[in-house]
1. For segment 239-256, what are the residues that are in contact with a Phe, Trp or Tyr (Cβ under 9 Å, 6 or more places away or on another chain), of a type in the set (A, V, I, L, M, F, W, C) and assigned to a loop (DSSP other than H, G, I, E, B)?
2. Which of the residues spanning segment 26-57 are in a helix (DSSP H, G or I) and over 21 Å from residue 13 (Cα atoms)?
3. Inspect segment 386-400 for any residue being part of a loop (DSSP other than H, G, I, E, B), open to solvent by less than 30 Å² (accessible area, probe 1.4 Å), touching an Asp or Glu at 6+ places or on another chain (Cβ under 7 Å) and not hydroxyl-bearing (Ser, Thr, Tyr) and give the result as yes or no.
4. Can you name the residue in segment 307-346 that is open to solvent by less than 70 Å² (accessible area, probe 1.4 Å) and either aromatic (Phe, Trp, Tyr) or touching a Leu at 6+ places or on another chain (Cβ under 7 Å) (or both) and is also modelled with the lowest pLDDT among such residues?
5. Those residues that are farther than 15 Å from residue 341 by Cα and among the polar types (S, T, N, Q), I need them from segment 397-426; list them, please.
6. Give all pairs with beta carbons closer than 7 Å in which a residue from segment 13-41 that is of a type in the set (Lys, Arg) meets a residue that is not in a helix (DSSP H, G or I); count only pairs at least 6 apart in sequence or on separate chains.
7. Being open to solvent by less than 40 Å² (accessible area, probe 1.4 Å) and at pLDDT 85 or above, is that true of even one residue in segment 5-12?
8. With the requirement that a residue be open to solvent by 50 Å² or more (accessible area, probe 1.4 Å), at pLDDT below 90, not in a helix (DSSP H, G or I) and not hydrophobic (A, V, I, L, M, F, W, C), what does segment 58-94 give you?
Amino acid sequence: MKTRSLISLSAPELILSVLSYLDIPEILALRQTCSSFSQITRDPSLWMTLLRSQERDFPMPPDIPPTLSDIMSIEPAVKNAYRVSRAWLLPRKQTPFKFQPRLGEHLLRVEMFLDRWLLAVYTEGFIRLQDTSVTHSSADSLDPSLTQIYEISLGNGSKLLDPSYNPFRWLKDIYRPSVETVRAINPQDELSLWNGIVEIQFMGPYLLLFKTRSVEFYSYMPLIDPQAPKLAPLKHEFSATTFRGVSFSQVRHHLLHFTDDGSYDEEVHEYSLDAIAFDVIQGLYRYAIAVSIPNQNSPPLPRLEILLLGTFSMALNTHTTSFEPPRGTFNVGARGFISAHRLGNQGKRAVWVERKRGSTIREVQVWDHLQDDHFTDGPVEMDGRVVHKVVSYDLRDDIVHCTLGESTGRVVLGCRSGDIFVINCI
């Protein structure tokens, strides 16, 4: 006569509640013990609970199903997110894969879409679209003879594997007419020549201008619709940094209700994002940027908040609890410089490339927000982990571009020579 454990005799709802506190390997090990546990560990509600728990900490794939209808998609996604989280900070064992053929000699930019599709743009005019999930896929490319706008259809990728399918759909050509009207935002100040624009990002009705020494917000809606309400410009100045590059996460939007002593209840739109900015001397800075905009031109007024979350110091010791580090303590014996960096689309992982001072070694370092976000008493030193090294005397092997698929752990490196390499996580 077979005996059954006390837990196996419990109500299924209680068992599922207990299982939701276990790690993925423990659940899979329990599945192998008996038929009843094999059945209950396949319950869609269990894996949806685990998925919702992971979403707080891990970057999730963009194609996750929103309901319990497809357990065949949910369970593999949860298990893959767990595997990537365990391997993300570890040295890569696989040899980087090089995309062939090389389309141009000078890479202008590389971007990852849907954590899978790599878009690379060359100064020669070539555009490369590559599926990074498979190493044997061919690249779709085009060579525009003039300035053109294209739409690229990605979808689930099944069509892109068909050699006869062209994902690039022409939208329009851009010609410069003999007479044209330009509507422009032209902020004037005496420091404008020393405070150039590094990157631009749409945030609701504002344009975020991340500049060398400031962050500025300007409303662009009156340029499109003269009847639109005019919003006051917002500005934050950095007192001790000179930024040369920045990468953003995706913009998040929340509708809040603001109450002031119960006198009124005002809807406020909050747009926020994370950013990692690069100072060529001091290193990397991680910021949280948020702008709050009321529905009407009444209190509360639009407000800009910028919070320094962490730093990765290079020549300066920027690990400090103050908002801005002091300038002027240059250390000759410190690290070298950052040649490329990128924050993931969800703002939870990042990658950067460090070139050591007086060395031919290029170190690829990765970062995870779980390393830092448990600290609440001010900015912390970002703990970059070296996962790959490139040793070469050839300056053409310098890594000048990088990007990543957050949910897959895949890192893409672009060299000065135009070569593109992919490093898989698992």
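1. Hit for segment 239-256 is 251, nothing else.
2. Scanning segment 26-57 gives a single hit, 55.
3. No.
4. 325
5. 407, 408, 417, 424
6. Qualifying pairs under 7 Å: 31/41.
7. Scanning segment 5-12, I find no residue that is open to solvent by less than 40 Å² (accessible area, probe 1.4 Å) and at pLDDT 85 or above, so the answer is no.
8. Across segment 58-94, the qualifying residues are 62, 63, 66, 67, 69, 70, 93, 94.
The values are calculated or read from the model by the stated rules, or taken from the named source; none is laboratory data. Here the structure is a predicted model, which is why all the values come from computation and not from measurement. Heads up, the Cβs are rebuilt from the backbone with ideal geometry, glycines too, and the neighbour counts pull from every protein chain shown. Each accessible area value is taken on the protein alone, full model and side chains, heavy atoms only, with ligands, DNA and RNA left out. Shrake-Rupley method; radii C 1.70, N 1.55, O 1.52, S 1.80 Å.
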